[in-house]
Amino acid sequence: QVQLVESGGGLVQPGGSLRLSCAASVSIFSFNAVGWYRQAPGKERELVAHITSGGGTVYADSVKGRFTISRDNAKNTAYLQMNSLKPEDTAVYYCNADITDITYRRRSLWGQGTQVTVSS
């Protein structure tokens with residue numbers, strides 16, 4: 001069964017950068033819309049960035065100008081480039097993707113989450 005595998009999290013100092021990736025574990029027909037979400041302890045999960053099949057993007061106000069979402073459809077992979085990181089960016093980051101599998105069924109999948117910690 002298809003899974004989304006996330007990587008790239010870690011510990012960085014304020015002002016640092018990380019790039020998260022989210023890749024399908026097996027072959028799929030296509031990625032459709034993809035979103036990155038995050039959840040800090042005691043907080044609700046929130047949308048950070050979203051990218052449509054056509055490449056249109058939307059960002060949360062808190063990350064505009066600092067984060068960039070992108071995709072490589074040939075690799076069935078999505079990315080979140082995070083620059084100028086702040087302590088308040090600390091959270092578990094999750095990828096969500098609407099996909100079409102090899103049987104042409106549409107699915108919505110979540111990655112396992114990757115921890116991002118921004119601390120001095």
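The values are calculated or read from the model by the stated rules, or taken from the named source; none is laboratory data. In this text, all values refer to a predicted model and were calculated from it rather than measured experimentally. FYI the Cβ positions are ideal-geometry reconstructions off the backbone, even for glycines, and counts take in every protein chain you see. For the accessible areas, the whole protein counts, side chains as well, though only heavy atoms, and no ligand, DNA or RNA atoms are used. Shrake-Rupley method; radii C 1.70, N 1.55, O 1.52, S 1.80 Å.
Residues in the range 50-59: is at least one within 18 Å of Gly10 (Cβ to Cβ) and in contact with a strand residue (DSSP E or B) (Cβ under 8 Å, 6 or more places away or on another chain)? Even if it seems obvious, please write down each step before you answer.
Narrowing the range 50-59 to residues within 18 Å of Gly10 (Cβ to Cβ): none.
The answer is no; no qualifying residue exists.
When Arg105 is tested against (1) touching a residue at least 40 places away in the same chain (Cβ under 8 Å); (2) of a type in the set (Lys, Arg); (3) under 19 Å from Gln1 (Cα atoms), exactly one condition is not met: (1).
Look at Val58 and say whether it is farther than 18 Å from Arg106 by Cβ, hydrophobic (A, V, I, L, M, F, W, C) and loosely packed, with under 15 Cβ neighbours inside 10 Å. Write out each step before concluding.
Numbers: farther than 18 Å from Arg106 by Cβ: yes; hydrophobic (A, V, I, L, M, F, W, C): yes; loosely packed, with under 15 Cβ neighbours inside 10 Å: yes.
Taking the combined requirement at face value, the residue satisfies it.
Screening the range 17-46 for residues that are aliphatic (A, V, I, L, M) and more than 17 Å from Gln81 (Cβ to Cβ) and picking the one that is surrounded by the fewest Cβ atoms within 10 Å (Cβ to Cβ) gives Val26.
May I ask you to verify whether Gln81 is within 13 Å of Ser21 (Cα to Cα), modelled with pLDDT of 95 or more and open to solvent by 70 Å² or more (accessible area, probe 1.4 Å)? Steps first, please.
Details: within 13 Å of Ser21 (Cα to Cα): yes; modelled with pLDDT of 95 or more: yes; open to solvent by 70 Å² or more (accessible area, probe 1.4 Å): no.
No.
Residues in the range 84-118 that are outside any strand (DSSP E or B) and open to solvent by less than 60 Å² (accessible area, probe 1.4 Å): 5 in all.
For the structure I just gave you, tell me whether Val5 is open to solvent by 60 Å² or more (accessible area, probe 1.4 Å), touching a residue at least 12 places away in the same chain (Cβ under 8 Å) and closer than 15 Å to Trp110 by Cβ.
Details: open to solvent by 60 Å² or more (accessible area, probe 1.4 Å): yes; touching a residue at least 12 places away in the same chain (Cβ under 8 Å): yes; closer than 15 Å to Trp110 by Cβ: yes.
Against the criterion (open to solvent by 60 Å² or more (accessible area, probe 1.4 Å), touching a residue at least 12 places away in the same chain (Cβ under 8 Å) and closer than 15 Å to Trp110 by Cβ), Val5 qualifies.
If we scan the range 69-77, do we find a residue that is assigned to a loop (DSSP other than H, G, I, E, B), in contact (Cβ under 8 Å) with a residue 12 or more places away in the chain and open to solvent by 60 Å² or more (accessible area, probe 1.4 Å)? First the steps, then the outcome.
We begin by selecting, within the range 69-77, every residue assigned to a loop (DSSP other than H, G, I, E, B); these are 76.
Pick out the ones that are also in contact (Cβ under 8 Å) with a residue 12 or more places away in the chain and you get 76.
Imposing the further condition that a residue be open to solvent by 60 Å² or more (accessible area, probe 1.4 Å) reduces the set to none.
Within the range 69-77, not a single residue is assigned to a loop (DSSP other than H, G, I, E, B), in contact (Cβ under 8 Å) with a residue 12 or more places away in the chain and open to solvent by 60 Å² or more (accessible area, probe 1.4 Å).
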